Amino acid sequence: MDYRAFVEEQIAEIRKEVGEGTTINALSGGVDSSVVTALGFRALGNRLKTVFIDSALMREGEPDRVVKTFADIGIPVQKVDARADFLTALKGLTDPEEKRNAVTFTFYKTVFGRLVRETGAKSLLHGTILTDIEETVAGIKRQHNILAQLGINPEKEYGYRVLEPLKTLRKDGVREVAKILGLPKDITQRIPFPGPALATRIVGEVTEERLAVVRAATAIVEEELGDTGAFQYLAVLLNDRATGIQDGKREFGQIIVVRCLNSVDARVATPVDLPWEKLHRICKRITSIKDVNRCLYDLTPKPPATIEYI
Ligand code: XMP
């Protein structure tokens, strides 16, 4: 594929679709939404309004880091505090698909609906890629960002049109386009992180307290496994508890699962043979998180497992 021609075509297409109006887009800092942001900014300049939605589900320091990375390349990003919207919507939910639906609904209806009304934008520029569509249509998983393919008409239901310039590309193609657009390495080489964010790494209810535990474990795993070159590595908080000992007393503590996988496009994945020494270090650091007394390494490939836990 000629990715340079692809970039020019998409810029022209965005200009044609948006006309004289403004459009809005949500940047998560992942490669897909970053590419959409850079394409949209090239096409529309200040008529693109880019927001970073702080959903309470992001990793440590992520909102400020993403805003700064884009400020450094001249693209303004506004941070929107929607933590209460997401935490309220997720309260009491334990079923994986219900949790995913709650994130989708809060994102597209509550938060975007509000932003679209406030800004007068008629459309949303969106980072959906081909794999998202294929997995949703195949019924493997409902990716949070799939609307039309599930029969949701965003114009009718949410009040805006959705433009998806990356919907013919897979991840490797998106990375090529990112390079052409001059995006920095920490974006083009960033490991995948799912749209519903840490909500996909908590089995059971998503609460502020449980998010704090998985966020701390995620920071440790990313720090320890950043040098492996693996496709993806992550930490998951289970809903079970196990007996352990803390300060000489029995406690019924929490369990963290660590995953580190090699893959090309996330459709199949194999676990990495990490050195025992590394695993011991990770285990020691993770069980130092308050209330966590077990740390497990998951050796299951995809399939039969998926990469995330919900
Ligand atoms: P699974 O867990 O289905 O994940 O094996 C495959 C890849 O997709 C990421 N993932 C998502 N990405 N929205 C996204 O943008 C989602 O809802 C979503 N769910 C999973 C996951 O991190 C992995 O790289």
task: Could you tell me what percent of the accessible area of the chain is made up of carbon and sulfur, with a 1.4 Å probe and every protein chain present?
output: 52 percent
query: Heavy-atom accessible area of ARG114 with all protein chains present, probe 1.4 Å, nearest 10 Å²?
result: 80 Å²
field: Degrees, to the nearest 10: 62-72 long Cα axis against longest axis of the chain
entry: 40 degrees
Solvent-accessible area per residue, Å², over the range 152-305 with all protein chains present [probe radius 1.4 Å]: 50 Å²
statement: Taking a probe of 1.4 Å and leaving out DNA, RNA and ligands, the range 90-138 shows per residue an accessible area in Å² of 43 Å²
- prompt: Per-residue ellipticity at 222 nm for the chain, helices alone: DSSP H runs ≥ 4 residues times -39500 (n - 2.57), over residue total, nearest 500 deg cm²/dmol?
  reply: -11500 deg cm²/dmol
query: What angle do you read, to the nearest 10 degrees and between 0 and 90, between the alpha-carbon axis of helix 96-105 and the longest principal axis of the chain?
result: 30 degrees
query: Under unit Cβ charges (Lys, Arg +1; Asp, Glu -1), what dipole magnitude, rounded to 20 debye, does the chain have relative to its Cα centre?
result: 260 debye
Nearest-ten-degree value, helix 276-286 long axis tilted from longest Cα axis of the chain: 80 degrees
statement: Counting Lys and Arg as +1 and Asp and Glu as -1 over every other residue whose Cβ sits under 11 Å from the Cβ of GLU20, the net charge comes to +3
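The values are calculated or read from the model by the stated rules, or taken from the named source; none is laboratory data. Source: prediction; values computed, not measured. Ideal geometry is used to build each Cβ from the backbone, glycine not excepted, and the neighbour counts take in all protein chains shown. Only protein heavy atoms, including side chains, enter the accessible area calculation; ligands, DNA and RNA are left aside. Shrake-Rupley method; radii C 1.70, N 1.55, O 1.52, S 1.80 Å.
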